[in-house]
Amino acid sequence: MAEQETALRAGQQALEAPTAGGWLEKHFAYRERGSSLRQEILAGLTTFLAMVYSVFVVPSMLGKAGFDTSAVFVAVCLTSAFGSLLMGFWANLPIAVGCAISLTAFTAFDLVLGQQLTPAVALGAIFLMGVIFTAISATGIRTWILRNLPLGIAHGTGIGIGLFLLLIAANEVGLVTRNAGAGLPVALGDVTAMPVWLSVLGLAAIFGLERRRVAGGILIVILVLSAIGLAFDPAVRFTGLFAMPALGGEHSLIGAMDIGGAMNAVVLPSVLALVMTAVFDATGTIRAVAGQAGQLDDKGQIINGSRALTTDSVSSMVSSTLGAAPAAAYIESAAGTAAGGRTGLTAVVVGLGFLALIFLSPLAALVPAYATAPALMYVGLLMLGGVRHLNTEDSVDTMAGLVCAVFIVLTCNIVTGIMLGFCTLVLGRLFAGELNKLNVGTVLIAVALAVFYLGGWAL
């Protein structure tokens, strides 16, 4: 009898074990992927701390372009929450989504300040980018683009945007300034000024903290530099900690996007530049993080990859509706997978963290430019790592990619860099007698961009 009772209890335990985690275990299958509830939560917190700096950096950049920083703060939090929750629940991958720093710079300094577009038209361009990206992600067009577009220019675009970020951050704090006299267009600023040396100190601190793998290292630097500014800089004032999120009002850009204005012929090339950048950046980031989490199938394809890419693109549509910059999967998600994150529950924890942050919008106005500049510089330097992906055995492709990268920063225009990259690639193949290495798509893009610029339609 005792043996029967023992066997019965063992049987009950065997039946109850799979449901110990309840609905969460059933939906996310974290045990099946070699994880646990505690491990997923810790991984989510790690990713959250690694990327939460974006709620200060993005409003700071868009604020320079005339956006209300408090409204952008709330929009960034809601966009990050939406994208991360969708990625977690639908794609079940430990990949967080937020407003992309690189595309934020493109929006603020290229579209609005550079091309003199209104914030509403810029948001319309972001929405169109999201629609196009969603369409090509849901169909087979994305695969065609990745197969036909030259890798040199794809990587060169990322390198160029990294240089662009470095220039923006350095100029913002006065490390690099406009040269008013004869000679080169830029000059070294006043290195004794507090914003300059604090930015350099902050950048070095990020190097050290990231090297030591301190969770939230970038956030720590931003908070410390903000505290120094609050103590010694009269321009930095504390206006409060908590506030109810204002989803309306005169400063809100929710639903204010001008899609019709963005469909203008002179704006569409910028939309396509956003799409191309997002296609390569999102695919590379999602694949890298999914691979680290062991979420690639036998053929090396991303498990639920189409859902992940669709989440990425739909999030940009949502961000533009809310009044924020384009969304993208964050490479900082790798911090969470390194901490053991294997399922979408990690991303869900990140999303909930950003939801909680929407009540802290006054903090956005407290953070000075020299507190966010080190983060921008660090992200820009990371993007320069794309150089190692250039195929040095194909000199034409490599040089075209470098032309793209260099002229993005020299002209402060991403589309111009892409145009010069495509044109030099096609002409380089022609002079090298390597027309067989060109495809119709590359030639058509080069011709269209050349006609657009030679016709004088470029902004």
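The values are calculated or read from the model by the stated rules, or taken from the named source; none is laboratory data. Computed from a predicted structure; not experimentally measured. Cβ sites come from the backbone with ideal geometry, for glycine too, and all protein chains shown count toward neighbours. These accessible areas exclude ligands, DNA and RNA; they are computed on the full protein's heavy atoms, side chains included. Shrake-Rupley method; radii C 1.70, N 1.55, O 1.52, S 1.80 Å.
Of these, TRP90, TRP144, which one is in contact with a Lys or Arg (Cβ under 9 Å, 6 or more places away or on another chain) and touching a residue at least 60 places away in the same chain (Cβ under 8 Å)? Quick ask: steps written out before the conclusion?
Working: TRP144 fails: in contact with a Lys or Arg (Cβ under 9 Å, 6 or more places away or on another chain).
Exactly one of TRP90, TRP144 is in contact with a Lys or Arg (Cβ under 9 Å, 6 or more places away or on another chain) and touching a residue at least 60 places away in the same chain (Cβ under 8 Å), namely TRP90.
Give the stretch 23-44 a look and list any residue that's without any contact (Cβ under 8 Å) to a residue 24 or more places away in the chain and assigned to a helix (DSSP H, G or I), or say none.
Within the stretch 23-44, TRP23, GLU25, LYS26, ARG38 qualify.
Inspect the stretch 212-222 for any residue being at pLDDT below 80 and either over 25 Å from MET377 (Cα atoms) or buried (at least 16 other Cβ atoms within 10 Å of the Cβ) (or both) and give the result as yes or no. Before you say what the answer is, go through the steps one by one.
Of all residues in the stretch 212-222, those at pLDDT below 80 come to 215.
Those left that are additionally either over 25 Å from MET377 (Cα atoms) or buried (at least 16 other Cβ atoms within 10 Å of the Cβ) (or both): 215.
Yes, the stretch 212-222 contains a residue that is at pLDDT below 80 and either over 25 Å from MET377 (Cα atoms) or buried (at least 16 other Cβ atoms within 10 Å of the Cβ) (or both).
Return the residue satisfying two criteria in turn: it lies in the stretch 319-345 and is within 27 Å of PRO119 (Cα to Cα) and assigned to a helix (DSSP H, G or I), and of such residues it is nearest to the chain's Cα centre (by Cα).
Applying the filter and picking the extreme gives SER319.
For the stretch 44-83, how many residues meet the condition of being among the aromatic types (Phe, Trp, Tyr) and over 23 Å from GLU172 (Cα atoms)?
Filtering the stretch 44-83 for residues among the aromatic types (Phe, Trp, Tyr) gives 48, 53, 56, 67, 73, 82.
When the remaining residues are screened for being over 23 Å from GLU172 (Cα atoms), the result is 48, 82.
Number of matching residues: 2.
If you check ALA356, ALA364, which single one turns out to be under 30 Å from PHE67 (Cα atoms), part of a helix (DSSP H, G or I), open to solvent by less than 60 Å² (accessible area, probe 1.4 Å) and not basic (Lys, Arg)?
Values: ALA356 fails: open to solvent by less than 60 Å² (accessible area, probe 1.4 Å).
Within the list ALA356, ALA364, the selection yields ALA364.
Under the condition of being buried (at least 17 other Cβ atoms within 10 Å of the Cβ), among the charged types (D, E, K, R) and over 14 Å from the mean Cα position of the chain (by Cα), which residue from the stretch 268-318 is modelled with the highest pLDDT?
ARG307
Could you say which residue among THR107, THR118 is farther than 17 Å from VAL406 by Cβ, touching a residue at least 40 places away in the same chain (Cβ under 8 Å), surrounded by fewer than 24 Cβ atoms within 10 Å (Cβ to Cβ) and among the polar types (S, T, N, Q)?
Numbers: THR107 fails: surrounded by fewer than 24 Cβ atoms within 10 Å (Cβ to Cβ).
After ruling out the rest, the residue left standing is THR118.
Check off (1) hydrophobic (A, V, I, L, M, F, W, C); (2) surrounded by fewer than 24 Cβ atoms within 10 Å (Cβ to Cβ); (3) at pLDDT below 90 for ALA71 and give me the number that stays unchecked.
(2)
Residues being farther than 26 Å from LEU128 by Cβ and open to solvent by less than 30 Å² (accessible area, probe 1.4 Å): count how many of those fall in the stretch 324-342. Talk me through it step by step, then tell me what you get.
First pass over the stretch 324-342, keeping only residues farther than 26 Å from LEU128 by Cβ: 332-342.
Imposing the further condition that a residue be open to solvent by less than 30 Å² (accessible area, probe 1.4 Å) reduces the set to 333-334, 336-337, 340-341.
The number of residues fulfilling the criteria is 6.
How many residues are assigned to a loop (DSSP other than H, G, I, E, B) and over 23 Å from ILE41 (Cβ atoms) if we restrict to the stretch 288-318?
Restricting attention to the stretch 288-318, the residues satisfying the condition of being assigned to a loop (DSSP other than H, G, I, E, B) are 293-295, 297-301, 303-304.
Filter once more, so that each one left must be over 23 Å from ILE41 (Cβ atoms): 297-301.
Total satisfying the criteria: 5.
Could you identify the single residue in PHE48, PHE56 that is of a type in the set (Phe, Trp, Tyr), under 30 Å from THR107 (Cα atoms) and open to solvent by 20 Å² or more (accessible area, probe 1.4 Å)? If you could, list the steps in order and put the result at the bottom.
Working: PHE56 fails: open to solvent by 20 Å² or more (accessible area, probe 1.4 Å).
None of the other options fit; the residue is PHE48.
Any residue at all in the stretch 190-205 that is more than 30 Å from GLY428 (Cα to Cα), open to solvent by less than 10 Å² (accessible area, probe 1.4 Å) and not small (Gly, Ala, Ser)? I'd like the intermediate steps shown before the answer.
Step one: list which residues in the stretch 190-205 are more than 30 Å from GLY428 (Cα to Cα), which gives 190-205.
Narrowing the set further to residues that are open to solvent by less than 10 Å² (accessible area, probe 1.4 Å) leaves 196, 198-199, 202.
Then keep just the ones that are not small (Gly, Ala, Ser); that gives 196, 198.
Yes, the stretch 190-205 contains a residue that is more than 30 Å from GLY428 (Cα to Cα), open to solvent by less than 10 Å² (accessible area, probe 1.4 Å) and not small (Gly, Ala, Ser).
Any idea which of PHE28, PHE89 is buried (at least 24 other Cβ atoms within 10 Å of the Cβ), within 26 Å of ASN304 (Cα to Cα) and either at pLDDT 90 or above or among the basic types (Lys, Arg) (or both)?
Working: PHE89 fails: buried (at least 24 other Cβ atoms within 10 Å of the Cβ).
On inspection, the qualifying residue turns out to be PHE28.
Applying the selection to the stretch 160-176, what residues are more than 28 Å from ASP233 (Cα to Cα) and open to solvent by 10 Å² or more (accessible area, probe 1.4 Å)? I'd like the intermediate steps shown before the answer.
First, pick out the residues of the stretch 160-176 that are more than 28 Å from ASP233 (Cα to Cα): 160-163.
Listed by number, the list holds a single entry, LEU163.
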